[in-house]
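Step one of this worksheet: look at the structure below.
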Amino acid sequence: MKEFLISKKGIFCINLVLLILFAFSGCMKYEVSDDFIMEMVVSGAYTGSPSSFIMFMHPMIGIVLSMLYTFIATINWYFIFQIAVIFTSLCIISYTFLKYKKDNLSILLFMIFLLFFSNDLYLLVQFTKTATISLCAGCILILSNILDSKTINKKEVALGIFLFCVGYMIRNKCIYIVLFFSGLPVLFYGIKKRLKYIDFVNLVKKAGKVIFPCFLILIGLSLFSIGFVQRYPAFKAYKTYSAYRSDIVDYSYYSYEDNRLEFEKNGISENDFYTLVHWNFGDIEYYDLDKLKTVSTILNAYRDSQYTSIKGTIVNLINRQYKYYVSVWALILISLIGIFAIRNGIFQVLAVNFFAFCLLFLNMYLGRLNYRVEYSIFLAATAFLLFSIQISESRIEKFSDKFLIAVLIVLSVCRIPVYIPSYGKSSYDALFISWNNDLAKYNASFEKEKDMSVINEIKQNPNNFYYLGFYSNIQTLYLNYNPWKGIQKSEFKNAAFFAGIDTFHPDWMKQLEKHSINNPMEHLLKENVYFIENRPINEILTFIQEHYKVNVEMTLYKKIGSYYIWKIR
């Protein structure tokens, strides 16, 4: 039985069983709406035609996925693509971990990693985390061949480069997290082997044979992406606008009072500012690229002038409540085992954890720390620590099979709650605050709580046009869709997100052009145009009064299921 578990077939079967359990739990979903909106684009939910203009991923992924949706639209290729990458990456990491040692301790460490980190990857699918696991799998497989005293396995290197490049294409910024940790196993290996100068030179030559082709491929992918964006002016304009939008709303922003004089100099009222940062910037004539550049410049100048103390940053990290993070407990367990399991274990554990702290500190200091970034840091730290443990000299005597089985049973029993779906409003509340950790997210299920009434209302009234607000639609509407099934083409043919990550996207603009809409904010005043949002939209009313010089009022047009539909006139 043990021989089967550590074999390639055994590793594949363990990962497959884990995936099947997650699939049948009914708890798999996107963690954030960004993935859903990218799915909308590549599937053609807006225009009826699948589009390759994917927002945050490499254009090549958008091209391939849009082609798949053209052939078979009923399957959610975007979701399946991420699941396939996650499954393959976990299999490769598992194989690489057990390639060096196949004892009970190695099996235990491998299972801790798999059981603790798979929750987020499968139950809360999110492209940043998918990219990180793919980059880790590729990088570790490549390193295992570089540090192996035997000849390089060309098939393994090719697979490693492929996974590394796939991760880069999914989310290129994640490469910095992975590369930050990747040098540690090499350092530990050098200390263990006490490499002399000639040995170091030979290692560099060996690494060059592997890393150089990978580097060339990454350069090629980058040039392709740049060329693709340059080729389509509308997509280029969107990318530029999106970068400034992100610079404003994705960072911790400050109150209007902090920069009142600068904003007033540029004709930006207090309501204008909060309409922007609260994701209600539907007036694309006012909130154009120049306006966003102005706001971004003011906020960046203010951020640079503010002194953020080391103590204050550490206090903010403490307030993140890491004791409730499953990924943190995985890192702690493997760190404790590593201290006693290998020679120089305490040095390796401290080094990896220090690197993890530095990344957390830096992102918190810059105001860019959220849960998916934290998870990616803990995932990379644990993966490279585990790899370092496996290539280091062990100093623990073998423990019995019975002890291993007992520990694995306990770990498996502790996981049972993850597979028991939780329903109700609390599930929506847990997913709404998408940037924070919440244990209730894992088994939150919407199989019995789907509310498609507002979508049906939109479909049944094709002569009306509906704007979907950020908080009640972008943040929660995607949870009502089955992630395995593709969104119907033209699902939103008479609707659009009022303001979101797709503002100024070519498909979003096509949707407006198709309905002869020049300005969504102004369009709200037309007959048969409605706004769907459960939160107060007083900022929108004030904006219209200030800029259009008209008195408007908001009336409840209809309540459909859990959604409120408003008419502004």
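Since every read-out is calculated from the coordinates, none of them should be taken as a lab result. Here the structure is a predicted model, which means the values were calculated and not measured. With ideal geometry, Cβ positions are generated from the backbone for all residues, glycine too; neighbour counts draw on all protein chains shown.
Observations, loosely collected:
- Helix 77-100 axis, angle to the chain major axis (alpha carbon atoms, nearest 10°): 20
- Close amide H contacts of I560 (hydrogens built in the peptide plane, cut-off under 5 Å, sequence separation of 5 or more or a different chain): I565.
- Segments 274-285, 344-355 sorted - mean Cβ within 10 Å per residue, highest first: 274-285, 344-355
- For the peptides 8-18, 559-569, 135-145, the ranking by mean Cβ contacts within 10 Å, running from highest to lowest, is 135-145, 559-569, 8-18.
- Sorting 358-370, 215-227 by their mean Cβ neighbour count within 10 Å, with the most densely packed peptide first, gives 358-370, 215-227.
- Förster radius 51 Å - calculated FRET efficiency between K150 and E449, Cβ distance, rounded to 0.05: 0.40
- Helix 326-341 axis versus longest C-alpha principal axis of the chain: approximately 10°, rounded to the nearest ten.
- Alpha-carbon spread of the stretch 4-120, three principal axes, descending order, Å: 55, 28, 23
- Share of alpha-carbon pairs per 10 Å distance bin for the chain, given as whole %: 3, 16, 26, 25, 17, 9, 3, 1, 0
- Kirkwood Rh and Cα Rg combined as Rg/Rh, the stretch 160-272: 1.20
- Sorted by Cβ density within 10 Å, fewest first, the residues T503, T313, T151, T240: T151, T240, T313, T503
- Mean Cα-pair separation over length for the chain, i.e. relative contact order, pairs under 8 Å, 6 or more apart, %: 22
- Acute angle (nearest 10 degrees) that the helix 538-548 long axis makes with the longest principal axis of the chain, alpha-carbon atoms: 50
- Length-normalised contact order for the stretch 442-548 - Cα pairs under 8 Å, 6+ apart - percent: 35
- Mean shadow area of the stretch 453-568 over all directions, Cα convex hull, nm²: 7.4
- Computed 3J(HN,Hα) for the stretch 33-46, one whole-Hz value per residue from the Karplus formula 6.51 cos²θ - 1.76 cosθ + 1.60 where θ = phi - 60°, is 6, 4, 5, 5, 5, 5, 4, 4, 5, 6, 8, x, 5, 7, glycine and proline marked x.
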